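Structure first, commentary second.
The values are calculated or read from the model by the stated rules, or taken from the named source; none is laboratory data. Nothing here was measured: the structure is a model prediction, and the numbers come from that model. Counting neighbours? That spans all protein chains shown, and the Cβs are built from the backbone with ideal geometry, glycine included. Just the protein is used for accessible areas: all its heavy atoms, side chains included, with ligands, DNA and RNA removed. Shrake-Rupley method; radii C 1.70, N 1.55, O 1.52, S 1.80 Å.
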Amino acid sequence: MLIVIGGRGWYQAWGKPARELRPGDVVNIPAGLKHWHGTAADTAFQHITLEVPGERSSTEWCEPVSDADYDALS
């Protein structure tokens, strides 16, 4: 789960459109869902991350977001 507390950022679940994030936004990310989240190009981005323990779950770091995909966000 992400809780945005400052700045502006982006969240995108695999195969879905990117979603702009601003303070107060909360994103519930189910275990196993491939996604990325990060700062917007013109600002900082602060968030709190909560992880609920689960069985047979772990964090897997995937490939970086391409410059073309990131640059297409405004």
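The figures follow:
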item	result
The chain, helix-only ellipticity at 222 nm - DSSP H runs n ≥ 4, -39,500 (n - 2.57), divided by all residues, nearest 500	-1500 deg cm²/dmol
Solvent-accessible area per residue, Å², over the chain with all protein chains present [probe radius 1.4 Å]	75 Å²
Per-residue ³J(HN,Hα) for segment 50-55, Karplus 6.51 cos²θ - 1.76 cosθ + 1.60, θ = phi - 60°, Hz, x for Gly and Pro	10, 10, 8, x, x, 7
Dipole magnitude of the chain about its Cα centre (Cβ charges: Lys, Arg +1; Asp, Glu -1), debye to nearest 20	240 debye
The chain: relative contact order as a whole-number percent, Cα under 8 Å and 6+ apart	36 percent
Integer Hz, Karplus 6.51/-1.76/1.60 couplings in order for segment 23-35, x for Gly and Pro	x, x, 6, 10, 10, 8, 10, x, 4, x, 7, 6, 7
Carbon plus sulfur fraction of accessible area for the chain, probe 1.4 Å, in percent	54 percent
